[in-house]
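Inspection log for the structure reproduced underneath, given as C-alpha cells.
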Amino acid sequence: MLLEAIFRTLRPDEQVYVWRKEPHERSLFDTVDEVIAYANSNPESDLYFGVSPRVRGDYDTISRTCVAWADVDLKDFKDNPDKAARAIATFPLNPSFIINSGHGFHVYWLLEGEVTGAEAQEICRGIMRIVGSDPTHNALQILRIPGTTNWKDPNEPALVVVMVSNPGTRYDAGDLLKLTNLGEITINVIATGSTKGFPSRSERDWHVIRELTAAGVSEETIYTIADQKPVGERWRENDYRLLKHDLQKTESSYGDAVEKFIELQDCLFYKGARGLTQVSTFTIHPKKLLHDAEGIREDQLICIVSAAGKVWNDVLFPRSAFSSQSSLHRNLPSMFWQWMGNDYQTKQLLVYLLSRLEEAGLPEAKLTQVIGRHSNIWVAKDIVMSSTTVYNADDAEYLYRSRSWSGHHARIIDIAPNTQYSFPEDEDYRALCKTISRLLPRINVPENSIPIIGWFFAAPLKQLFNDVQIRFPHLNIFGTMGSGKTAALQDIFMPLMGVHRPTTQTATTTNFVLRAIMASTNGVPIIFGEFRESGASERSDFQSLLRRAYNSGMDSRGRADLRTETLLLLAPVIVDGEDSFSDPALKQRCITINLHPEDIRPGTEHNSAFKRLREFPLQTFAARYIQRTLKETGASLLKRYADAAKRIEKLLPKSLPDRVKNSCVIVQIGLDLYNEHMTKWGTKGVEWDESMIKANLSNSLLQLSRGISRTYVDDFTEAIVGELAKEVIQRASPFVYLYDIRLNILWVHLTTAVHWWEKTQRYRGKSSVAMVALRAQLQERCDPVDGYVIPETPMTSSSGATTRCFGLRLTACVDAGLNVPDRLNGKVQKIMDRVI
C-alpha cells in the first residue's frame, strides 16, 4: 500500500527509482506494479526506492515530490523503540505510514498535492528538527521497500514491515511546513496535552489556537490536530463546538492587539494591567507583506521605521524576527532602535503590524533576491516590467532586494549585476538597432562574433529554458592578451543586456561568494575573468559549481543551525581568460570561442567596427528586447527548440554528442530572437552558416567529422608522445615504453606512464583521472577504423622481459586531430631498447 499511495499519480514521463544493495543494481520502473513485482521476487534482498519520482531515464533528477518523510534510527534513542515512537508522536500530525526498517522506523506523511524537491527538503528538515531523526531530507532520498530484508546486521537479518498504514490520510504541504516552525512549548503541548504553565485547559487550548493561526495553519488542519492529538481532548468532548468558538475568537484577535499598542512620539507603549509601559524607542509602519518568490525563505514585512525624528525606508523584517525578543533584537541594527518588550509582547507586535497592514488593504508582493525573469515578469534593481507594462514599486507583483537585506544586521555588498533600463523614443531606438545590426557582427570574425550574439540574446530566457528542462551552456571565451575578450564583453555585449558599468568576477574567490554570484541572477550574464587552467584544478569549487549549474541549477549546503541553504545557480555564466577548459565534461557544456589579437589589430575592419559601436548608448537597447523575450512561454520555447534543432542537425554530424548539439541549438534560438527583433525595428539580422558552426566546434571537439569529443586519454596521449619527441631525451626514462620505428607504433606501459602523467599534471596545476578510467578510454579509442590505439599486447624487450603495453599508431593519432608528431626519431628507439 505504501508505494501505491506515494506514486498513485505517476505520469508517463516519470519513473520509480529502485536500488539494490547486494549485488549493486540501479533500476527505473514505469509503474508501481513493476516495482512491487520486483520486490516480491527479491524478498531477501536489501531493496530501496526513491521517495520522489524520477524524470524518465534519469536516475538523479526528480520531477516532483508527493510525500514528506523521516528516517528514525534506533541508535539515536539508545535502541529503545518506545522512545523512538514517542519522538515520532511529537510531530503535530500523525503519519500516514510507519515502516519498521529493522533498525529503526521510516515515517511518511502523504501530501494532498505535489511540491518541488526544494520544498520537500524544507518540510523534511523541519520534521527532522522536531522528531530528532537522521538528517535525510534530500529529495533524492532512498528508503527501504516493505516486504524486503534489512541485512545491516548479517547475523540477524530483519524483515522490513508496515506498522501503521493510513493511505487515505493526506496533508497540505504548506501546513506541514508551517507546523515545523512552531515553538517547542507548543509542539510539546500538542503532543502531550500537558497543562503545565497554564491555569486551565482553556488557557492551554487558547495558546495552541493562537500559535497555529499565527503560523498560518489552515482551519482544516487544526481540526485534524484536534482529532488526532491529546491536546484536542477538551474539543472532542463537546463535538468540537469549543474549537469552533476558539477559532472565531482568533478572527478578532487583531483588535485585541491594536488596543494593546499605542504610538507616542516615535515610541511604542503597551497597555497592560498596570497601565502603559514603554516597549520600544521606535515605531514600525508596515507597507507590504512580501512572500519569497523562490518559495524557500519565510515571509517578510517591508516597513518604514521612525525613531528620534529620523526615518528609515524599506526595512525588512522576517516573520522569525517576531518569535521572541532576542530574535527581534537581532533584526534591529540601528542604535536608535531599542526593544524592551517581552516574548509575548514581541509576538503580539506582529499581530498588531498585520492589523495595520490589513487596514491598508493588505498589500502583498513577492520578494526575490534574483535579478531576471520571474514567471512573465522581469525584475531588476531599478525596474519591474512585463512585456507591455513598467510597474512602480507600489503596484509591482515582485520586488527585488539584495542579499544584504537578509534580516540580519550584518550586510554584504550587493553582488547582483548592476542593471539600468531605459526606453528611448521609437525613432532613436530604430536608429540604434540599425547601427547595432550593421556593426555588431563585424566587431570580430563572423565565426566568433555570431555565436556570441546568439548566446547573449538567448540568455534572458535562461530561467524559461530551465523550466522546460533544457540545459543552457556556459560561454567560454579564451585567447592571448590583446585578443579583445574583456573589451568585447564589457564595452559591447554586457551593455546590450542593460548592465551599467559591467565588472568581472574572479574564479578564485571563496565558495560562498561564487555561489552567491551564480544565484544572483537568472537572465543577466555574469563574467568570471582572467581564468587560468593552471590555477584551477578539477577539484576546485569553481569548476564543480559550473558542472552543477549546468546539470541541476541547484546547490545545497548545510548551515551551523542544521538547516540546509539551497541556492538556484541559474546565472548565464561567461568565463574568459587565456586558457580554455581542459576538462572534457566542461567543454561539452560550453560554447567555446577562441579570439586572436591579429583579428582586431588597429586598421582592421573589426577594430574599426568595435570602436564605432562602443560610442553608442548600447544600454538603452536592452529594455525593449527583454520585453520581447517576456512574450515567450514554455510551449513557444519548446517549439522554437524543435525548429532550431532540425536546422542544426542538417549541418552537423549525427554522431555529435547531445550536449554539443544542444549548445548549438541554444545559440540558434538566440540568433532567431535577435533577427526577429531587428526585423521588427526595420533592419536585418545575421546568419550562422555551416562553416561558422564547424569553426566554433573545433575549439571543443577532437574530430568534428565523426563527432568525437576530446577526453582525458587524448591529453594523456599528447603528453607522453610529446615527452618522447623532445630534442633531448633524459637518460632515465620517465616511463616504460618501446617504439617500433618500422611500423611507427609507440608501445606504452600504462601503469608507469600514468604515474608520470599524474605527477606532471599536478606540477602544472591541472587535473587527471584514475587509471581505471584512462584504461577504459584507451579501449574506446581501439576502434579499427576511427581509433588510434592498439589493445594491450604482451611486448618483449631486448633483455627478455615481457610486459603488456597499449600501442599508439602515430599516423592515426595525427589523423584523429591530436597535436603530436607523425613519427619519432631513432634515438627514442635505441634508448628504449636499453631501458626495457
Handout entry: Per-residue Cβ neighbour rank within 10 angstrom, fewest leading, S387, S437
Key = S387, S437
Practice task
Report the extension gain between K680 and Y223 in nm, rounded to one decimal, defined as 0.36 nm multiplied by the number of residues separating them, less their alpha carbon distance.
Solution key: 158.7 nm
Problem - In nm, spacing of pseudo-spin labels at E203 and D299 (7 Å Cα→C-beta vector) - result: 2.9
Problem - Loop trypsin sites (Lys or Arg not before Pro), the stretch 76-156 (other Cβ atoms within 10 Å of the site Cβ: 10 or fewer; DSSP) - result: K78
Exercise for the section: Please identify every one of the GluC sites (Glu not before Pro) in the stretch 590-690 that sits in a loop by DSSP and has no more than 13 other beta carbons within 10 Å of its own beta carbon. Expected result: E615, E687
Exercise for the section: Mind giving me the nanometre distance, one decimal, between the label points for Q469 and D786, set 7 Å out from Cα along Cα→Cβ? Expected result: 2.7
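How much FRET efficiency would the formula 1/(1 + (r/R0)^6) give for V161 and S41, where r is the Cβ-Cβ distance and R0 is 30 Å, rounded to 0.05?
Working: r = 18 Å, r/R0 = 0.61.
Step by step, r from the Cβ atoms, then E = 0.95.
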Problem - Listed residue (A609, S580, V665) projecting farthest to the positive dipole end of the stretch 579-675, Cβ model - result: V665
Problem - Check: the chain dipole with +1 on Lys, Arg Cβ and -1 on Asp, Glu Cβ, in debye - result: 1680
Completion exercise
the chain: relative contact order from alpha carbon pairs under 8 Å, six or more residues apart, as a whole percent, is 8
Exercise for the section: Give the peptides 423-431, 718-726, 16-24, 623-631 in descending order of average Cβ contacts within 10 Å, highest first. Expected result: 623-631, 718-726, 16-24, 423-431
Handout entry: Cβ charges +1 (Lys, Arg) and -1 (Asp, Glu), total dipole of the stretch 713-835, debye
Key = 560
Completion exercise
Between H755 and T486, the two model label points (7 Å from Cα along the beta-carbon direction) sit apart by a distance in nm of 4.4
Handout entry: FRET efficiency, E233 to K152 (Cβ-Cβ, R0 45 Å, nearest 0.05)
Key = 0.70
Exercise for the section: Evaluate E = 1/(1 + (r/R0)^6) for L651 and N376, where r is the Cβ-Cβ distance and R0 equals 35 Å; express this FRET efficiency to the nearest 0.05. Expected result: 0.60
Practice task
May I ask which residue of L354, A507, T213 lies farthest towards the positive end of the charge dipole of the chain, with charges of +1 (Lys, Arg) and -1 (Asp, Glu) on Cβ and the Cα centre as origin?
Solution key: A507
Handout entry: Lys/Arg +1, Asp/Glu -1 at C-beta; the chain dipole; positive extreme among V736, F806, I383
Key = V736
Problem - Spatially proximal lysines relative to K694 (Cα-Cα < 17 Å; intrachain offsets below 8 disregarded) - result: K587, K646, K650, K654, K661
Handout entry: Full-stretch length increase - T510, D33 - with 0.36 nm per residue and alpha-carbon distance subtracted
Key = 166.9 nm
Handout entry: Structure-derived Cα Rg over 2.2 N^0.38 Å - corresponding label in (1) 2.43; (2) 1.72; (3) 1.14
Key = (3)
Fill in the blank from the handout: Taking alpha-carbon centroids only, the stretch 483-506 lies from the stretch 1-62 a number of Å equal to 48
Exercise for the section: Starting from the Cα of K631, draw a straight line to each of the lysines and keep only those under 17 Å, dropping any in the same chain fewer than 8 residues away. Expected result: K462, K639, K680
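Going by average Cβ density within 10 Å per residue, which order do the peptides 91-100, 180-189, 156-165 take, highest to lowest? Show your work: numbers first, answer last.
Details: 91-100: 22.6, 180-189: 17.5, 156-165: 14.7.
Top of the packing list down: 91-100, 180-189, 156-165.
Where a number appears in this text, it was derived from the coordinates with a stated rule and is not lab data. Keep in mind it's a predicted model, so treat the numbers as computed, not measured. Cβ coordinates were reconstructed from backbone atoms using ideal geometry, including for glycine residues, and neighbour counts include every protein chain displayed.
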